[in-house]
Amino acid sequence: MTKRGGLSIVRLGLLAGLVGLILVLLGVAAFLSDQASRRGPLEIPPYPNASAWGQGVNSSTQRELFYTVADATPEQVVRYYEQLLQQRTGDMQEHCIRTPATGNAPTSPNVPAFIPYQFTCLFDNSGFRATQYTRVLIYPGSFNENQYLNSEGQTVILYEQRWQS
């Protein structure tokens with residue numbers, strides 16, 4: 001166009017280049033923000049009325065948290081976590097897995113804290129080159145002579161959490 005108020009090809013090219021640069025910078029910022037959001041544990045709310053029972057592994061990229069529930073069976077607790085899975089995914093595709101699928105595992109007299117069966121629920125927020133998940137294990141408690149380790153008659157919930165450093 002002419003100099004009298006119209007846009008030239010050079011100006012249009014500079015404007016398009018500037019818009020492209022801004023979009024690239026916004027994409028890089030979004031990627032870095034996404035990566036930074038995975039630098040801590042994926043927090044999943046524990047079952048209502050669950051009591052903190054202890055902590056296992058604890059490092060800069062992983063931890064284990066134990067909870068007990070006195071007034072609910074493992075099956076009742078699993079229903080709560082399956083609802084949370086459905087809320088996160090928006091569909092009915094994610095489920096907790098029972099091991100063994102039916103019945104109980106063979107008992108062993110040499111294992112005092114025997115777990116007859118357990119449910120595993122995986123909440124995964126991993127992305128491109130970034131790991132962030134919480135695996136929830138739910139199983140019936142077992143007898144232990146040590147009163148602090150005795151979970152007989154309760155349901156035990158274990159959070160295994162991993163994330164990026």
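The values are calculated or read from the model by the stated rules, or taken from the named source; none is laboratory data. No experiment lies behind these values; they were computed from the predicted model shown. As a convention, Cβ positions derive from the backbone with ideal geometry for all residues, glycine included, and neighbour counts pool all protein chains shown. Remember, those area values only see protein heavy atoms, side chains included, never the ligands or the DNA or RNA. Shrake-Rupley method; radii C 1.70, N 1.55, O 1.52, S 1.80 Å.
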**Request:** Give me the accessible area per residue for the chain, probe 1.4 Å, as a whole number in Å².
**Result:** 65 Å²
**Message:** Going by Cα centres, the range 31-86 and the range 127-154 are how many Å apart?
**Reply:** 10 Å
**Prompt:** Largest first, what is the accessible-area ranking of F128, F143 with a 1.4 Å probe?
**Reply:** F128, F143
**Prompt:** How long is the gain from L14 to A70 if the chain were fully straight, where each residue apart is worth 0.36 nm and the alpha carbon distance is subtracted?
**Reply:** 13.4 nm
**Asked** Of all the accessible heavy-atom surface of the chain, with the other protein chains kept in place and a 1.4 Å probe, what percent is carbon and sulfur?
**Response** 57 percent
**Fill in**
Distribution output for the chain: share of Cα-Cα pairs per 10 Å bin in percent, first bin at 0, values 9, 27, 25, 14, 8, 7, 5, 3, 1, 0
**Message:** How tilted is helix 9-36 with respect to the longest principal axis of the chain? Cα atoms for both, answer in degrees (0 to 90, nearest 10).
**Reply:** 10 degrees
**Complete:** Full extension between Q164 and V57 adds, at 0.36 nm per residue less the Cα distance, a length in nm of 37.0 nm
**Asked** How far is helix 74-89 tilted off the main Cα axis of the chain, in degrees rounded to 10, range 0 to 90?
**Response** 0 degrees
**Prompt:** Taking a point 7 angstrom from the Cα of R98 along the C-beta vector, which residues in the range 39-71 have backbone N less than 16 Å away?
**Reply:** none
**Request:** Please compute the net charge surrounding V78, taking Lys and Arg as +1 and Asp and Glu as -1 over other residues with Cβ under 13 Å from its Cβ.
**Result:** -1
**Message:** Among 12-25, 151-164, 66-79, how do they line up by average Cβ neighbours within 10 Å per residue, starting with the highest?
**Reply:** 151-164, 66-79, 12-25
**Item:** Extended-chain gain in nm, criterion 0.36 nm per residue less alpha-carbon gap, L122 and L21
**Value:** 32.5 nm
